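Trainee: Dropping a structure here in structure tokens format, bear with me for questions.
The values are calculated or read from the model by the stated rules, or taken from the named source; none is laboratory data. No experiment lies behind these values; they were computed from the predicted model shown. Cβ placement follows ideal geometry from the backbone for every residue including glycine, while neighbour counts extend to all protein chains displayed.
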Amino acid sequence: MVTSAGTAESVRRTLVALGVSTALSVCMAAGAMAQEQTPTPHSDGVGAAISDTGITAKVKSSFVGDDRLKGSHVKVVTTNGVVTLTGSATSSDAKDAAEELAKNVNGVRSVDDQIATPGSGSTTHRAVADTERVGSDSWITTKVKSEILADSVSKGFDVHVKTLNGVVMLRGTLPNKDAIEHVKDVAAKVEHVKSVDTTELRSST
């Protein structure tokens, strides 16, 4: 025979079990919602360009006020999270400091340190000139890519861009000859571009 006290205890245990189950369900649902709402970083396109621009600004900002870099002239270019440092530093310690500061910036995947340091005779001047040229070519390449992506006509085109001594070389397959001419004009308008080579651009029609 079941007593009223036993029935009450059974009901209480059932309610407690239901309460725990409900609480667990709510927690699991909240966790799932949090995962769904977690933003994922952009890996290409405009998102990548904005991220690269932000990284470049942060790296430059980290250089300002650092006594180790006084008298140094370091240029910063970021492409897909890879930071390229060019220019000249007053010493090997200053060069190392610039690389260290860049690596500590959030979002930096790796650092390509091409900074020249003092040496002897014409070798040093040639090294500085080479790094200045590489920095300029890297900047031009990044800028041309950005302009092609931003242009309303060419933003969907798959164009490979390479720059050497200010000459922009474009490679890829475009819908027609008009598209090739348009991309060439976009690239030619970028500052410091000496000429545009479209010999490796093909028309699909």
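Table: residues versus (1) of a type in the set (A, V, I, L, M); (2) over 18 Å from the mean Cα position of the chain (by Cα); (3) at pLDDT below 85; (4) not in a loop (DSSP other than H, G, I, E, B).
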site: ASP96; (1), (2), (3), (4): no, yes, no, yes
site: LEU101; (1), (2), (3), (4): yes, no, no, yes
site: ALA127; (1), (2), (3), (4): yes, yes, yes, yes
site: THR131; (1), (2), (3), (4): no, yes, yes, yes
site: GLY135; (1), (2), (3), (4): no, no, yes, yes
site: LYS143; (1), (2), (3), (4): no, no, no, yes
site: ILE148; (1), (2), (3), (4): yes, no, no, yes
site: LEU170; (1), (2), (3), (4): yes, yes, no, yes
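Trainee: Still on this structure, please answer the following. List every residue pair whose Cβ atoms lie under 7 Å apart, where the two residues are 6 or more positions apart in sequence or sit on different chains, the first residue falls within the range 44-64 and is over 14 Å from TRP139 (Cβ atoms) and surrounded by 14 or more Cβ atoms within 10 Å (Cβ to Cβ), and the second residue, located anywhere, is of a type in the set (S, T, N, Q) and at pLDDT below 90.
Mentor: Short answer, once both residue conditions are applied: ALA48/ASN80.
Trainee: Among the numbered conditions (1) modelled with pLDDT of 50 or more; (2) under 30 Å from LYS155 (Cα atoms), tell me where PRO41 comes up short.
Mentor: (1)
Trainee: While we're on this one: In the range 138-159, what residues are free of Cβ contacts under 8 Å to residues at least 24 places away in the same chain and closer than 14 Å to THR199 by Cβ?
Mentor: Of everything in the range 138-159, nothing turns out to be free of Cβ contacts under 8 Å to residues at least 24 places away in the same chain and closer than 14 Å to THR199 by Cβ.
Trainee: Test SER72 against the stated conditions and say whether it is among the hydroxyl-bearing types (Ser, Thr, Tyr) and farther than 17 Å from PRO118 by Cα.
Mentor: Numbers: among the hydroxyl-bearing types (Ser, Thr, Tyr): yes; farther than 17 Å from PRO118 by Cα: no.
Judged against the criteria, SER72 is not a match.
Trainee: Same structure, new question: Kindly check whether there is at least one residue in the range 174-190 that is free of Cβ contacts under 8 Å to residues at least 40 places away in the same chain, in a helix (DSSP H, G or I), under 24 Å from the mean Cα position of the chain (by Cα) and crowded, with 17+ Cβ neighbours inside 10 Å.
Mentor: Yes, the conditions are met somewhere in the range 174-190.
Trainee: From LYS70, LYS155, which residue is among the charged types (D, E, K, R) and at pLDDT below 85? Show your work before the answer.
Mentor: Values: LYS70 fails: at pLDDT below 85.
Testing whether each residue is among the charged types (D, E, K, R) and at pLDDT below 85 leaves just LYS155.
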